[in-house]
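Heads up: the structure comes next, in structure tokens.
The values are calculated or read from the model by the stated rules, or taken from the named source; none is laboratory data. Because the structure is a prediction, the values reported are computed rather than measured. All Cβ positions, glycine included, derive from the backbone under ideal geometry; neighbour counts span all protein chains shown. These accessible areas exclude ligands, DNA and RNA; they are computed on the full protein's heavy atoms, side chains included. Shrake-Rupley method; radii C 1.70, N 1.55, O 1.52, S 1.80 Å.
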Amino acid sequence: MAEELSGGDLSRLRQLNALAVIKALQGRPSLTLTEVAKRTGLSRASTEDVVRELLQKGWVAEAGATAGGVGRPARRYRFRADAGRVLGVDIGGHKIRTVVADLDGDVQQSACVAVTPEMGRLERLEAVDRAVAECLEGAGLTGGDVWASGVGTTGLVDGVGRVVLSEALPEWTGVDLATHLRRLAPAPVLVENDSKLAALAECWRGVARYAKDMVFLLAGLRTGAGLVIDGKLHRGFANASGEIGALPVLGWIRAQEHLSAANGEAGDVFAAARAGDRAAATAVRRYVKDLALGVSALVLALDPQMVVLGGGFSRSADVLIDPLKRELDRWCIRTPEVLMSALGDEAVVLGAVRLALDDVEERVLDGRAPLVSHL
């Protein structure tokens, strides 16, 4: 428990206790001091001190009192999810998605701008600007109202928000997304690979909420992977974990070619396979075989509890999951559970929201989070 820490800085201890109380209140209508103390493991006196401080800062509000019983009614407290807002951005090949969410992560406003894979850097960044502006305007906010922004993009991303390598989008290598987004919303901007953010979202609000070890497979016009190990998103030393598709022998680079060779859009090929078309079924089977090689390598290395199939092709999971399981059975010592994403096309942008919320919570811990008593 946070209160049992010893020998540490008292200021740090107060920050840890504050975050513990916020976590206890988040996502619940309200709690009494006794209930908060029970959930956090703090003493009643410490809980009262922390709640008083959070009331002054505007993170917590009174929510009336508990009626009935003997004696004075117990006061109840709630987390003020409306105290601040975060921005999530998903920069894809075909769409730019943006959402504004409250501090509970509940989406308040969204916007989507169509783009094409062939667009150059400037055109795509202009589309990002339009999507962000539309979303903020719809929410009645300005960029200054945003506490943190999370951004998802294809490619390898460094620790300061720059794309260091992208083969999927033209002129995208080298773009400094953090600096660009700070022009629109000056609060901290966190940038991450889209597969990793989708994995983060799936563990937060998807089918992997109770999985400590998971492989997220982003299946679409390109293939990527995000890894969760021991309940945490695994980035690797240089943020390049999961880039197993870089090995040509595993087939992820060519996998989509099987679908295009079937003379149709991927969705049409999946639909035809579903309807019993033999040529389409063959194309899907070849696609899955290539997909399964890389997935098998990750499964053998990590021994995950589950593999989650997401991305644009996850809508056709009914024709993909069973063949994928059969291929994994061929190569893996133990085949994990294989599930379809619960979040679909929203996974990356929701992962971006979670990334922004994590940053806000970190600033609670070090005392740099905004004070909201003026609201």
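Report, by residue number, each residue of segment 280-294 that is over 14 Å from residue 317 (Cβ atoms) and open to solvent by less than 70 Å² (accessible area, probe 1.4 Å).
Step one: of segment 280-294, the residues over 14 Å from residue 317 (Cβ atoms) are 280-283, 285-286, 289-290, 292-294.
Within segment 280-294, 280, 281, 282, 283, 290, 292, 293, 294 meet the criteria.
The sole residue among 202, 192, 243 that is touching a Phe, Trp or Tyr at 6+ places or on another chain (Cβ under 8 Å) and among the charged types (D, E, K, R) is 202. Checked against the criterion of being free of Cβ contacts under 8 Å to residues at least 12 places away in the same chain and within 22 Å of residue 301 (Cα to Cα), the candidates 219, 211, 199, 246 yield just one match: 246. Within segment 287-312, restricting attention to residues that are of a type in the set (Gly, Ala, Ser) and assigned to a helix (DSSP H, G or I), the residue that is nearest to residue 342 (Cα to Cα) is 312.
Only residues that are outside any helix (DSSP H, G or I) and either without any contact (Cβ under 8 Å) to a residue 40 or more places away in the chain or open to solvent by 40 Å² or more (accessible area, probe 1.4 Å) (or both): list them for segment 118-138, please. 118, the sole residue that qualifies.
Just the residues that are outside any strand (DSSP E or B) and of a type in the set (A, V, I, L, M, F, W, C), please, taken from segment 144-166. Can you show your working first?
Restricting attention to segment 144-166, the residues satisfying the condition of being outside any strand (DSSP E or B) are 144-145, 154-155, 158-161, 166.
Passing the criteria: only 160.
Screening 39, 28 for residues that are in a helix (DSSP H, G or I) and open to solvent by 10 Å² or more (accessible area, probe 1.4 Å) leaves exactly one candidate, 39.
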